[in-house]
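Participant: Pasting a structure below so you can have a look.
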Amino acid sequence: MPPTELQAPRTRLPAPERVPEADAGRDDYVTVIRPATGWPRVGFAELWRYRELLGIFVWRDLKVRYKQTAVGAGWAIFQPLFTAVVYSLVFGRFARFPSGSLPYPIFAFAGILAWQYFSAALNVSSTSLVSNGTLVTKVYFPRLLLPLAGVLVPLVDFVLASSVLVGMMFWFDVFPAAQVLLAPLFILLALVTALGAGLGLSALNARFRDVPYAIPAIMQVLPLLSGVPYALNGVPVKWQWLLSINPMTTVVTGWRWCVLDGPAPVLGQAALGVGVALLMLFSGLMYFRRSEPRVADTI
C-alpha cells in the first residue's frame with residue numbers, strides 16, 4: 001500500500017480588523033431614488049456633493065470659449081464696445097434717444113454690458129443639455145449642473161468688460177454713489193432670469209431642436225424692450241409698467257442707477273420685474289425636473 005501523506009489541519013486566518021482611523025475620512029452617501037413629481041425639488045445636498053464637477057464644467061467651458069482665436073479673451077471687451085459705438089451713433093446722435101443726464105456713450109455701454117451677460121448666459125444654458133449629450137446619456141450627475149454652469153461662465157466676460165466701464169467713468173467724470181453696493185443684486189437678478197429661462201429652454205431643446213433658431217430672433221428685439229438704448233423714465237408711465245414685466249428692464253435700469261448714479265428704478269416696477277424673474281425660475285425648474293427622466297432618451 002502506498003504510504004499516505006499526512007496533511008496538517010488548515011487554520012483560518014483571522015479577518016483583518018478595520019482601523020477606525022482609516023474610515024474616518026470616508027463619506028458614505030446614501031442615494032434615495034424617488035419618482036419624478038410635478039413640483040420642483042432642487043436637492044441642494046446633492047448639488048453640494050457635486051460642487052467640484054460644477055467647477056470642472058465652468059473651467060472646461062472657459063478654456064474652450066476662445067480657443068484658436070486670434071483675439072482670445074479680448075472678444076469679451078470688443079463685443080460690448082463695438083455695440084456701444086453703434087448705439088451711440090444710431091440711437092444717440094441720429095435718433096436722439098433719451099439718456100437722462102448721462103453722456104450717451106457710457107449710458108449705452110453700461111446697459112449693453114448687463115444685457116450681453118444675460119444674452120450669453122441664456123444662449124449657453126439653453127443649449128447645455130444637447131451640447132453635453134455624451135455625458136448625459138452615459139454618466140449620472142445632477143443635470144441641473146449644466147444650465148447652472150452655463151450662467152456662471154459669462155460672468156468672467158462680464159468682469160473683463162467692466163474694466164472698460166471703469167475707464168469710461170473716469171473719462172466722462174461719472175462716479176457712482178453709495179448705491180453701488182447694490183449693483184451685484186441686479187446682476188444676480190439677471191442670473192436668476194437667465195437660469196429660469198435656460199432651464200426651461202434646455203429641456204425643451206432636448207426634445208425640439210427649434211430652440212437655437214428661435215432664441216436669436218427674440219434676442220434681436222428684446223434689447224429694445226429692456227430699455228437698453230434709452231432711459232426708462234423718458235417713456236410714458238403706462239408703457240413703463242408694461243416694459244417692467246420684462247425682468248431685464250429692472251436689471252438694466254437698476255444697474256445704471258448703481259454704477260452711474262442714473263435715474264433710480266421705481267420701486268413698484270422693480271418689484272414687478274423681480275416677481276416675474278422668480279416666477280420664471282420656478283416654472284423653468286418645474287419643467288426641467290419633470291423632463292429630466294426622459295432627457296437621456298430624447299436628446
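The values are calculated or read from the model by the stated rules, or taken from the named source; none is laboratory data. Every value quoted in this text rests on a predicted model; they were computed, and no experiment measured them. In this analysis, Cβ positions are derived from the backbone assuming ideal geometry, glycine residues included, and neighbour counts consider all displayed protein chains. These accessible areas exclude ligands, DNA and RNA; they are computed on the full protein's heavy atoms, side chains included. Shrake-Rupley method; radii C 1.70, N 1.55, O 1.52, S 1.80 Å.
Participant: D173 is checked against (1) closer than 21 Å to S99 by Cα; (2) open to solvent by 30 Å² or more (accessible area, probe 1.4 Å); (3) in contact (Cβ under 8 Å) with a residue 12 or more places away in the chain and fails just one. What number does that condition carry?
Facilitator: So the condition that D173 fails would be (3).
Participant: From the list R60, R12, pick out the single residue that is basic (K, R), open to solvent by 50 Å² or more (accessible area, probe 1.4 Å) and at pLDDT 85 or above.
Facilitator: So the residue among R60, R12 that is basic (K, R), open to solvent by 50 Å² or more (accessible area, probe 1.4 Å) and at pLDDT 85 or above is R60.
Participant: Let me confirm something: among L102, L122, L185, L89, which residue is closer than 25 Å to A270 by Cα and out of contact with any helix residue (DSSP H, G or I) (no Cβ under 7 Å at 6 or more places or on another chain)?
Facilitator: When all the criteria are applied, what remains is L185.
Participant: Kindly evaluate S202 against the criterion of being over 19 Å from the mean Cα position of the chain (by Cα), polar (S, T, N, Q) and either under 30 Å from V85 (Cβ atoms) or open to solvent by less than 40 Å² (accessible area, probe 1.4 Å) (or both). Full working, then the answer.
Facilitator: Details: over 19 Å from the mean Cα position of the chain (by Cα): no; polar (S, T, N, Q): yes; either under 30 Å from V85 (Cβ atoms) or open to solvent by less than 40 Å² (accessible area, probe 1.4 Å) (or both): yes.
So S202 fails the test.
Participant: Those residues that are open to solvent by less than 60 Å² (accessible area, probe 1.4 Å), in contact with a helix residue (DSSP H, G or I) (Cβ under 6 Å, 6 or more places away or on another chain) and under 27 Å from F208 (Cα atoms), I need them from region 249-293; list them, please.
Facilitator: Within region 249-293, V276, A277, M280, L281, G284, L285, F288, S291 meet the criteria.
Participant: Further question: In contact with a Gly (Cβ under 6 Å, 6 or more places away or on another chain) and open to solvent by less than 60 Å² (accessible area, probe 1.4 Å) - does that describe any residue in region 127-149? Outline the logic, then answer.
Facilitator: If we filter region 127-149 for residues that are in contact with a Gly (Cβ under 6 Å, 6 or more places away or on another chain), which is where we start, we get 128, 147.
Subsequent filtering for residues that are open to solvent by less than 60 Å² (accessible area, probe 1.4 Å) retains 128, 147.
Yes, region 127-149 contains at least one residue that is in contact with a Gly (Cβ under 6 Å, 6 or more places away or on another chain) and open to solvent by less than 60 Å² (accessible area, probe 1.4 Å).
Participant: Select from region 83-114 the residues that are open to solvent by less than 50 Å² (accessible area, probe 1.4 Å), modelled with pLDDT of 90 or more and not in a helix (DSSP H, G or I) and list them in ascending order.
Facilitator: L102, P103
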